[in-house]
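Novice: Sharing a structure below in structure tokens format, with a few things to ask.
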Amino acid sequence: MSTHGADRTPAVRQLRLVVEADDYDAAVAFFRDALGLPEQAAFSGEGDARVVILDAGRATLEIANPAQKRMIDEVEVGRQVAPRIRVAFEVDDSRAATRRLVAAGATEIAPPTVTPWHSLNARLDAPADLQITVFEELRDAEERATLDGFGTERPVEE
């Protein structure tokens, strides 16, 4: 019996990445105001405890093996720089987003670069000690699906 059937209701409804930021105000200003993630909710508690939940659109979890992680670093940056976790945001215009985010306090690690997977990716060091990629898709999903090396890994049905 397969647990991967198309009619199965997903058990996960949302991916929420929780990041501790020493400079909370700078991180909120960067991700909410400069990157443009809409504020969904905010809460505060005793001892100046604060959290803001920002809507990042559709969430995915990208799992890469070490060889793929090295290849992405090589393509985007030209050397190995990424920590174990890097956050990527799809934007409409990666060049404009990179300029805006650098002006808002990010450090550019690598400028927007066309990748073999047909996106325009820039790498930045952002507030809250996050390394981020902003990427712009240069082809739609249907176009990419017809190219060599693109597809989905589906589990073998039993």
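The values are calculated or read from the model by the stated rules, or taken from the named source; none is laboratory data. Keep in mind it's a predicted model, so treat the numbers as computed, not measured. Cβ placement follows ideal geometry from the backbone for every residue including glycine, while neighbour counts extend to all protein chains displayed. Areas reflect the complete protein model, heavy atoms only, side chains present, ligands, DNA and RNA absent. Shrake-Rupley method; radii C 1.70, N 1.55, O 1.52, S 1.80 Å.
Novice: Run through the range 20-59 and list the trypsin sites (Lys or Arg not before Pro) located in a DSSP loop whose Cβ has at most 13 other Cβ atoms within 10 Å. Mind dumping the intermediate values first?
Specialist: Numbers: sites: Arg32, Arg50, Arg58; in loops: Arg58.
Filter output for the range 20-59: Arg58.
Novice: Give the Debye-formula value of log10 I(q)/I(0) at each listed q (0.12, 0.14 Å⁻¹), with one equal scatterer per alpha carbon of the chain, two decimals each.
Specialist: The calculated log intensity ratios at q = 0.12, 0.14 Å⁻¹ are -0.64, -0.84.
Novice: Quickly rank 120-130, 78-88 as a protection proxy: mean count of other C-beta atoms within 10 Å, highest first. Before the final figure, lay out each step's value.
Specialist: Numbers: 120-130: 20.4, 78-88: 12.4.
The densest-packed peptide leads the list: 120-130, 78-88.
Novice: Follow-up. Stretched out fully, how many nm does the piece from Thr115 to Leu61 gain, at 0.36 nm a residue minus the Cα gap?
Specialist: Gain on stretching Thr115 to Leu61: 17.5 nm.
Novice: For Val18 and Asp48 in one chain, what is 0.36 nm times their gap in residues minus the Cα-Cα distance, to one decimal in nm?
Specialist: Answer, rounded to one decimal: 9.0 nm.
Novice: Which shape class applies to the range 60-115: rounded if a/c is under 1.5, otherwise prolate when a/b exceeds b/c and oblate if not, where a ≥ b ≥ c are the square roots of the Cα gyration tensor eigenvalues?
Specialist: The shape class here is prolate.
Novice: Quick one: what are the phi-derived ³J(HN,Hα) couplings along the range 112-119, Karplus 6.51/-1.76/1.60 with θ = phi - 60°, whole Hz, x for glycine and proline?
Specialist: So the J values, rounded to whole Hz, are x, 10, 6, 9, x, 8, 6, 9.
Novice: Name the chymotrypsin sites (Phe, Trp or Tyr not before Pro) in the range 82-155 that are in a loop by DSSP and that have at most 12 other C-beta atoms within 10 Å, would you?
Specialist: none
Novice: Follow-up question, since we're still on this one. Within the chain, what whole-number % of the accessible surface is contributed by carbon and sulfur, with the 1.4 Å probe and all protein chains included in the calculation?
Specialist: Carbon with sulfur: 50 percent of the solvent-accessible area.
Novice: Sort Phe43, Phe31 by accessible area with a 1.4 Å probe, largest first.
Specialist: The most accessible residue leads, giving Phe43, Phe31.
Novice: In the range 31-106, which GluC sites (Glu not before Pro) are in a loop and have at most 15 other Cβ atoms within 10 Å, using DSSP for the loop call?
Specialist: Qualifying residues, ordered by number: Glu62.
Novice: Now, a different point. Hey, can you find the accessible area per residue of the range 1-97 for me, probe 1.4 Å, expressed in square angstrom? Mind dumping the intermediate values first?
Specialist: Numbers: 7470 Å² over 97 residues.
On a per-residue basis, 77 Å².
Novice: May I pose another question? With an 8 Å Cα cut-off and a minimum separation of 6 or more residues, compute the relative contact order for the range 43-158 in percent.
Specialist: That works out to 21 percent.
Novice: Excluding Asp125 itself, calculate the net charge of residues whose Cβ lies under 12 Å from the Cβ of Asp125, where each Lys or Arg counts +1 and each Asp or Glu counts -1. Please report the intermediate quantities before stating the final value.
Specialist: Values: positive: Arg86, Arg123; negative: Glu108, Asp129.
Residues close to Asp125 contribute a combined charge of 0.
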